[in-house]
1. Test of understanding: among Asp119, Asp79, Asp95, which residue is closer than 17 Å to Glu41 by Cα, at pLDDT 90 or above and touching a Lys or Arg at 6+ places or on another chain (Cβ under 6 Å)?
2. Quick one: Ala53 ticks every box in (1) in contact with a Gly (Cβ under 8 Å, 6 or more places away or on another chain); (2) at pLDDT 95 or above except a single one, so which number is it?
3. Taking the stretch 71-110 only, how many residues are charged (D, E, K, R) and touching a residue at least 24 places away in the same chain (Cβ under 8 Å)?
4. Only one of these is modelled with pLDDT under 95, farther than 23 Å from Glu108 by Cβ and exposed (fewer than 15 other Cβ atoms within 10 Å of the Cβ): Gly21, Gly60. Name it.
5. Going through the stretch 79-114 one residue at a time, which ones are within 17 Å of the chain's Cα centre (by Cα) and surrounded by fewer than 14 Cβ atoms within 10 Å (Cβ to Cβ)?
6. Of the residues Lys32, Lys10, Lys44, which single one is more than 11 Å from the chain's Cα centre (by Cα), basic (Lys, Arg), at pLDDT 95 or above and open to solvent by 30 Å² or more (accessible area, probe 1.4 Å)?
Amino acid sequence: MKRLGSLGEKDAGKYLQKSKGFKLIGRNFQTKWGELDLIMEEGKTVVFVEVKARVSPSLGSPLEYIDPNKVRHLKKAIDFYLNSNGWGDRQCRLDAVGIEYEIVGEDEYILKNIEYAQDLTGW
């Protein structure tokens, strides 16, 4: 499943760059509160993107897996990232991308659907 997560992050990054004009500035930033999947810019705004990839739609939308506890942890990780880079005054937000795949072979997936949610926190 680690491969599916990496594929999801790659596809989410491509989607946001192509359809939204975002610029990728970082990936997989590790903190004690969890990982920041994608770090992007939209104009002057730093956009942190949580990516959820799934193969089974019967388990619900991938975005449903981002609960309030996850958002709290991501906010702490984002604060750490901003302060580590001297960006405490930068405008930022937390977005999410949910991706559904179909399995077509051993470790092979076809992208079926992408959902995008902007501003999970209302900063």
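The values are calculated or read from the model by the stated rules, or taken from the named source; none is laboratory data. Only a predicted model underlies this, so the values are computations on that prediction, with no experimental measurement involved. When we count neighbours, we look across all protein chains shown, and the Cβ atoms used for this are built from the backbone with ideal geometry, even at glycine. Ligands, DNA and RNA are excluded from the accessible area calculation, which covers all protein heavy atoms including side chains. Shrake-Rupley method; radii C 1.70, N 1.55, O 1.52, S 1.80 Å.
1. Working: Asp79 fails: touching a Lys or Arg at 6+ places or on another chain (Cβ under 6 Å); Asp95 fails: touching a Lys or Arg at 6+ places or on another chain (Cβ under 6 Å).
Going through Asp119, Asp79, Asp95 in turn, the sole match is Asp119.
2. Answer for Ala53: the failing condition is (2).
3. Within the stretch 71-110, the subset charged (D, E, K, R) is 72, 75-76, 79, 89-90, 93, 95, 100, 102, 106-108.
After this cut, where a residue has to be touching a residue at least 24 places away in the same chain (Cβ under 8 Å) as well, the list is 75-76, 90, 93, 95, 100, 102, 107.
Selection size over the stretch 71-110: 8.
4. The conditions single out Gly60.
5. The one that is within 17 Å of the chain's Cα centre (by Cα) and surrounded by fewer than 14 Cβ atoms within 10 Å (Cβ to Cβ): Asn113.
6. Working: Lys10 fails: more than 11 Å from the chain's Cα centre (by Cα); Lys44 fails: at pLDDT 95 or above.
Selected residue: Lys32, the only one of Lys32, Lys10, Lys44 that is more than 11 Å from the chain's Cα centre (by Cα), basic (Lys, Arg), at pLDDT 95 or above and open to solvent by 30 Å² or more (accessible area, probe 1.4 Å).
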